[in-house]
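Structure, as structure tokens:
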Protein chains: 2
Amino acid sequence: MKYIGNKQSFIDSKEKVTGKAKYLDDIVIHGMLYCKILRSPHPHAKILKIDTTLAENLEGVKAVITGKNCPNNKFGLEIADVTMLATDKVRYVGDEVAAVAAVTEEIAKEAVKLIKVEYELLPVVDDVFKAMESDSPLVHDGCKNNIAKEYHFSRGNIEEDFAECDYVFEDEFSTHRVQGLYMEPFGAIAKWEDNGRLTIYSGLQSIFQGRNEIAKALGIEPSKITVKAPFIGGAFGAKIWIRNFHPIVAVLAKITQNPVKIVLTREEEMLTTRPRVAPKIKIKLGMMKDGTMVCKQTNIIADNGAYSWAATKILMNMSIRTDCLYRFKSTKTDSYLVYTNLIPTSGFRAYGNSQAHFALESFIDICARKIGLDPVQVRLKNTVHKDYLTLHGWKIKSCGLSECIDAANKAIVKTRLPKEEQGGRIKRGIATACMTHVSGNRGGSKFDGSSAMIRVHEDGKVFVFSGEADLGQGAKTIFAQIAAEVLGVSIDDITVMPLDTDTSPFALGTYSSRVTTVGGKAVMLAAEDVKKQIINIAAEELKRPKDTLDIKDGVIYYTADDRDNISFKSICTKAIRTNKSIPVTSYISYDPPTIGADSTGYGDYSSAYTYGAHGVEVEVDTHTGHVKVIKVVAAHDVGKVINPNGVIGQINGGVAQGIGWALYENQQFKNGIPQSTGLHKYTLMTMKDMPEVESIIVETNDPVGPFGAKGIGEPTLIPTAPAIANAIEDAIGVRIKDLPITPEKIYRALNNK
Amino acid sequence: MKYIGNKQSFIDSKEKVTGKAKYLDDIVIHGMLYCKILRSPHPHAKILKIDTTLAENLEGVKAVITGKNCPNNKFGLEIADVTMLATDKVRYVGDEVAAVAAVTEEIAKEAVKLIKVEYELLPVVDDVFKAMESDSPLVHDGCKNNIAKEYHFSRGNIEEDFAECDYVFEDEFSTHRVQGLYMEPFGAIAKWEDNGRLTIYSGLQSIFQGRNEIAKALGIEPSKITVKAPFIGGAFGAKIWIRNFHPIVAVLAKITQNPVKIVLTREEEMLTTRPRVAPKIKIKLGMMKDGTMVCKQTNIIADNGAYSWAATKILMNMSIRTDCLYRFKSTKTDSYLVYTNLIPTSGFRAYGNSQAHFALESFIDICARKIGLDPVQVRLKNTVHKDYLTLHGWKIKSCGLSECIDAANKAIVKTRLPKEEQGGRIKRGIATACMTHVSGNRGGSKFDGSSAMIRVHEDGKVFVFSGEADLGQGAKTIFAQIAAEVLGVSIDDITVMPLDTDTSPFALGTYSSRVTTVGGKAVMLAAEDVKKQIINIAAEELKRPKDTLDIKDGVIYYTADDRDNISFKSICTKAIRTNKSIPVTSYISYDPPTIGADSTGYGDYSSAYTYGAHGVEVEVDTHTGHVKVIKVVAAHDVGKVINPNGVIGQINGGVAQGIGWALYENQQFKNGIPQSTGLHKYTLMTMKDMPEVESIIVETNDPVGPFGAKGIGEPTLIPTAPAIANAIEDAIGVRIKDLPITPEKIYRALNNK
């Protein structure tokens, strides 16, 4: 194949490296105003009075809104628990209280300072266990014990199975709030058009979902809104859903009759990015002497923060997916999502699956060591495999899990540094952890497919329309490769059109590592349909049967003698300009052959399941507790590589983000007050912390995905943290079960030992 | 029917009357520069030297281009005879010599004045007959006798037929240059996008044609350009094709890396609008005593002006169409298009057909009077009719010509004012003239259809995409009516999407009165296809056979019992969101069952042929020669009315523009210098000259057009001028054969009599 599987520079890389690519903040619309938002300084307080007089009188201020004079429709993903501006009370530090539109950003900022709010402080709910007590204050009135959502999943007879096990182990893990921390802060521009329609420019991962949510918040029909996404400077799942500022700028634009822009500051991002849901995870694992994992019971109490958005979905993923990594006989999970007065959580990259994998993949190492078995062998003994039906109904159509574990382990063993000196300060260790993830997820919606339109112009150039977003991960390039490969034309002749809900075919958006598998498949089918149309016309022209023709390098040729040919371009002109004209356009809706989960969580809801394993080597400074990741071997079953550049990029990025999560980043609170309000107070990993990454790509040629491909976006993050925790134990015999693994924790644990 | 045939306010009328509709000049893009063009003050001159130094040094000037430093690709419609800026010589007063982009319009204007051009004057070619002489200077080197194009059409044996006629009459007519004079001057904004693509905003009637022409002028691929048309403030056929300023602003935008706008001044419009081709038409008509018209021979010498654009097509129409109005036994036409150093001509509203009808329909009255027959009866005796095959191959599938003549005549006779007093100053007269026109024209291109896309959103709202332009005539409303009627939903649920070559389906554009017939038909077919998709899903839902369901008022119902129903909206949501998802989108390419004209001009090249007749009453002031049109009865065969508001609007407008052409407007020259460089020097008719107009709509239910409809845009202008000339003769016995019919000409003719 000419494009599939071959290294392809991203088709938009030139625009990006030359600084020409327009991100939201680069967009300036004539007459545009700037929005700033007044946010609550208190984690929990009643709003007694808001006085906006001074702000309104400031020169250059065009509108000031509060919860009293803007739509109060509640919105949210599964639970509608938020209004665009607080009406009665504030529920976390950062909650939106009032908003200003002014002619400059500076004036807007000044105006926000002039708004006077009287609060009555309320007791702060900042601990999930206390929040669940019957006498706890409620974050949302009427939400009993502050429980936003609970799940109870059970397969097999777990009581019986535990009773028959040789060993039953039990332990507790916890993970913390971390930020997506994409380079480009989130933002939006709202502009009301003269025909009464609303245009929102915003780097949303899901333009259609965003459109519906903004409509709900404003109380208007979705199709009255056009969402256009410019270039997106990273998103990682944290820009799938709208934020309060989306409807806020729409309201301000309506009042002022001018376009209104907001771009969050990094501080606002730190307050409102919706970091990972932070759970406490108890696991009980039943095993046999030979390492067979029989059954697993899990109990999760997850901190939702002040408002629920995708947190319910994240809890669901956390509760189910790791059950499908191994051939358990029975599993049982009870999980609770609990409101607190902390920053609302949601998720990014792996959406809950990372938290659950940290717990399970740490725990397997602990258990294997206890039994005296090699954790790698224990994993290999228990992995799911092709054609296996998991407890939750996943039908595994392709699976490279064993190959990934084996390859990652062998590579990390092979390249490990010499054992440190006996008694030396620096200790080294290696370990492996693995993962399973989805490529699409019908659980979230009745439709889990994607649509694509391919339009060929009369000059033979091909426009690809998809509603799936490119967050920087290279989706546009994947679509262009697929279209070029199927149509037999140069990738330079492909233009992937910008995202626009009016003209992009309907799509659910970029999440669940679904874009290549589902969006790419829709593009493939549309391209195949267009190819058929073109071959039909060429067959008439060349007077050859259709099935004897093919297309290569922009030429349609007779397969038995390629000198008998005609150019793709001339057939396109002919197709459009002759009086048997056809549009040479295909509009395809594709939905994978999957089954949405039922109320018990059972269903084969992903187009494909992905597998991977990371082998890690760490160095621990036993004097300081500092951990350095020396090397990560990342082996991933991607089905079939479409663009090696993209896959390697995802692996490097996922590993980096995984290390950051495991070792450095942490959003902390004191009495409900966030302590990490900027990057100076939030430790990010930097280039100097980046280990060598060896990527191993396992191809299993999935029968459903386009050309056999499966997703890779999220999987690369998942095994990193548990593999690091496991390698630390290998190095120094200390186990850290609550993330992040800070030098302090290691230092203390070493001292305790 | 709920919408078809019923008066429908234009769906964009609210935006227009509130001043919200954005026309080109309302668009302001951040960083936009303004372009002004230096034009030739000489009708014919060699460019010796251009010095742009002073202009370049003016503060605020960002770029100055001349023919030396911009692309020199020749472009044009049939004959590529023009470059965006003059290279060697200028050929008419107004020819583009240099262009400036500056930060304000004023600075650009100032800079243009600072450009010094040295010219060597050349002899001026300003008369078609002299131009054809062998010793005439050539407007374009190598173009022998300045003949840009010639046609020779012949059917039957005209020599024999003339020999057998009772009468053979011969006469000569001429028409003049007049302007489209739409309210909104033409213009464009060019903006190069960061991905190297070019966006052109311009109120073009044919966005795809414009795109190809701009590409040709710039030497780039068409699909690298996006043409977006904002609201268009009138066009009348004069904005179908690009002007030189389109590639000029693109070049300036490229150089400056800023968007560049130009909007022509009215003076520039007067110079470059490309007015009607001005022909001298000799006709010879063979008739029998009973009024039978046997044969017709025509000789046309038409003034093309300095560059050819659509003038060749206009000459073609002039040469053929009137032959198909009556049942001639034989016809012969020799016609020549001749270059001069006058303003380049092209056409608008009726595209040459108006000129030919003026000659023939004037001449029939003259001949009938000579024989002593009633001109109305002569017409009625000779009209074509349904199922008639004309000499040029038109297969007439619907024809209300006789009905129109009869109705117009009867109405004007019935309401005529009492005969003026004998010997009084004011004389009154009535007369009738008729016409035939096309609805589409395959002659111009191999494809003569249109495409449409209809997309239904999950909230049940319908988006209609067509590439056919609404110039103000109400095309968007027609499309919305058709879609609403077919889909059984409210017209308020229909949005007709803006014109954009990236997202609008391929279309030829608004000309040849084709938009309703061809564009509307494509919309109808797309709507029918979408309806089928929706009914299919509803059939499953309601558990009823598909063919027992229909849609009305947004509800899909069982036709045997309409209480068994489901909402259109819920089915759309279901269609898009369930896992048997379909896009509820249809992309249709429609081409009418017509045949392009062969090299002899033979072919059934229009989807439908339209007919009409105007009865006119005039008053002539015999002291001053002033003519006042008192009443026009306009009877038109429109096949089937879609929107009576639109038809009446077209009739009123066509009548007004026809009167202006007949009596007032005239673009005059003196030694090649235009004398009418502004509306103060160009007489337009005003409201006080507007007669009472009685509209008579004849419906013949064409078998091809949507719901039986045919075009109406151009026909309404055509019979006005000859009917006025005929009525003047009826009033005062004086015949004016060269337009316009000015008081001076009448006064002189009366004096000569």
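The values are calculated or read from the model by the stated rules, or taken from the named source; none is laboratory data. Since the model is a prediction, treat every value here as computed from it, not as a measurement. Cβ placement follows ideal geometry from the backbone for every residue including glycine, while neighbour counts extend to all protein chains displayed. Surface accessibility is based on the protein's heavy atoms, side chains included, excluding ligands, DNA and RNA. Shrake-Rupley method; radii C 1.70, N 1.55, O 1.52, S 1.80 Å.
Quick notes on this one:
- Each residue in segment B:263-293 was checked for being part of a strand (DSSP E or B) and surrounded by fewer than 22 Cβ atoms within 10 Å (Cβ to Cβ), and 4 of them qualify.
- Members of segment A:554-589 found to be polar (S, T, N, Q) and more than 10 Å from chain B (Cβ to nearest Cβ), listed by number: A:Thr559, A:Asn565, A:Ser567, A:Ser570
- Hey, B:Ser676 surrounded by fewer than 20 Cβ atoms within 10 Å (Cβ to Cβ) and of a type in the set (S, T, N, Q) or not: no
- Matching residues, segment B:159-169, being assigned to a helix (DSSP H, G or I), open to solvent by 40 Å² or more (accessible area, probe 1.4 Å) and charged (D, E, K, R): B:Glu159, B:Glu160, B:Glu164
- Tallying residues that are in a strand (DSSP E or B) and away from chain A (no Cβ under 14 Å) within segment B:408-451 yields 13.
- Flag not set for A:Ile343, criterion: over 22 Å from the mean Cα position of the chain (by Cα) and among the aliphatic types (A, V, I, L, M).
- Qualifying residues in segment A:381-401 (those that are part of a loop (DSSP other than H, G, I, E, B) and charged (D, E, K, R)) - the one farthest from the chain's Cα centre (by Cα): A:Asp387
- For segment A:452-471, filtered to residues that are more than 10 Å from chain B (Cβ to nearest Cβ), assigned to a strand (DSSP E or B) and of a type outside the set (D, E, K, R), the residue that is nearest to the chain's Cα centre (by Cα) is A:Ser466.
- For segment B:590-616, taking the residues that are more than 14 Å from chain A (Cβ to nearest Cβ) and of a type in the set (S, T, N, Q), the one that is surrounded by the fewest Cβ atoms within 10 Å (Cβ to Cβ) is identified as B:Ser599.
- Residue in segment A:370-381 that is within 30 Å of A:Gln668 (Cα to Cα) and among the hydrophobic types (A, V, I, L, M, F, W, C) present: no
- Test: residue in segment B:660-669 that is hydroxyl-bearing (Ser, Thr, Tyr), at pLDDT 95 or above and open to solvent by 10 Å² or more (accessible area, probe 1.4 Å): yes
- Residues located in segment B:709-753, provided they are open to solvent by 40 Å² or more (accessible area, probe 1.4 Å), assigned to a loop (DSSP other than H, G, I, E, B) and touching a Gly at 6+ places or on another chain (Cβ under 8 Å): B:Lys753
- Counting only residues that are open to solvent by 20 Å² or more (accessible area, probe 1.4 Å) and of a type in the set (Ser, Thr, Tyr), segment A:346-401 holds 2 of them.
- Filtered by the rule that a residue be in a strand (DSSP E or B) and open to solvent by less than 60 Å² (accessible area, probe 1.4 Å), segment B:24-50 gives B:Ile29, B:Leu33, B:Tyr34, B:Cys35, B:Lys36, B:Ile37, B:Leu38, B:Arg39, B:Ala45, B:Ile47, B:Ile50.
- Which listed residue is in contact (Cβ under 8 Å) with a residue 12 or more places away in the chain and of a type outside the set (Val, Ile, Thr), from B:Gly520, B:Gly423: B:Gly520
- Among the conditions (1) touching a residue at least 60 places away in the same chain (Cβ under 8 Å); (2) not in a loop (DSSP other than H, G, I, E, B), the only one that B:Gly601 does not satisfy is (2).
- When the test is whether a residue is open to solvent by 10 Å² or more (accessible area, probe 1.4 Å) and of a type in the set (Val, Ile, Thr), B:Val260 does not pass it.
- Against the numbered list (1) in contact with a helix residue (DSSP H, G or I) (Cβ under 7 Å, 6 or more places away or on another chain); (2) closer than 30 Å to A:Gly603 by Cβ, A:Glu213 comes up short only at (1).
- Selection count where residues are out of contact with any Gly (no Cβ under 6 Å at 6 or more places or on another chain) and of a type in the set (A, V, I, L, M, F, W, C), scope segment B:210-239: 8
- Hey, A:Met497 more than 14 Å from every other protein chain (Cβ to nearest Cβ) and open to solvent by 10 Å² or more (accessible area, probe 1.4 Å) or not: no
- The C-beta contact set for segment B:8-22 (first residue more than 10 Å from every other protein chain (Cβ to nearest Cβ), second residue among the acidic types (Asp, Glu), distance under 9 angstrom, 6+ apart or interchain) comprises B:Phe10/B:Asp470.
- Every residue from segment A:3-21 that is loosely packed, with under 15 Cβ neighbours inside 10 Å and in contact with a Lys or Arg (Cβ under 9 Å, 6 or more places away or on another chain): A:Lys14
- Of the residues making up segment B:107-147, those that are in a helix (DSSP H, G or I) and within 29 Å of the chain's Cα centre (by Cα) are B:Val128, B:Phe129, B:Ala131, B:Asn146.
- B:Asp470 being under 20 Å from B:Gln8 (Cα atoms) and either open to solvent by less than 10 Å² (accessible area, probe 1.4 Å) or in contact with a helix residue (DSSP H, G or I) (Cβ under 6 Å, 6 or more places away or on another chain) (or both): yes
- Checking A:Tyr609, A:Tyr682 one by one, the residue that is aromatic (Phe, Trp, Tyr), out of contact with any helix residue (DSSP H, G or I) (no Cβ under 6 Å at 6 or more places or on another chain) and closer than 26 Å to A:Asp365 by Cα is A:Tyr609 and no other.
- Odd one out for B:Lys476, checked against (1) outside any helix (DSSP H, G or I); (2) under 24 Å from B:Ala21 (Cα atoms); (3) within 14 Å of chain A (Cβ to nearest Cβ): (1)
- Subset tally (residues that are open to solvent by less than 10 Å² (accessible area, probe 1.4 Å), within 13 Å of chain B (Cβ to nearest Cβ) and in a loop (DSSP other than H, G, I, E, B)) for segment A:205-243: 0
- Candidates in segment A:170-197 are the residues that are within 14 Å of chain B (Cβ to nearest Cβ) and either more than 20 Å from A:Lys261 (Cα to Cα) or part of a loop (DSSP other than H, G, I, E, B) (or both); of these, the one that is most open to solvent (accessible area, probe 1.4 Å) is A:Asn195.
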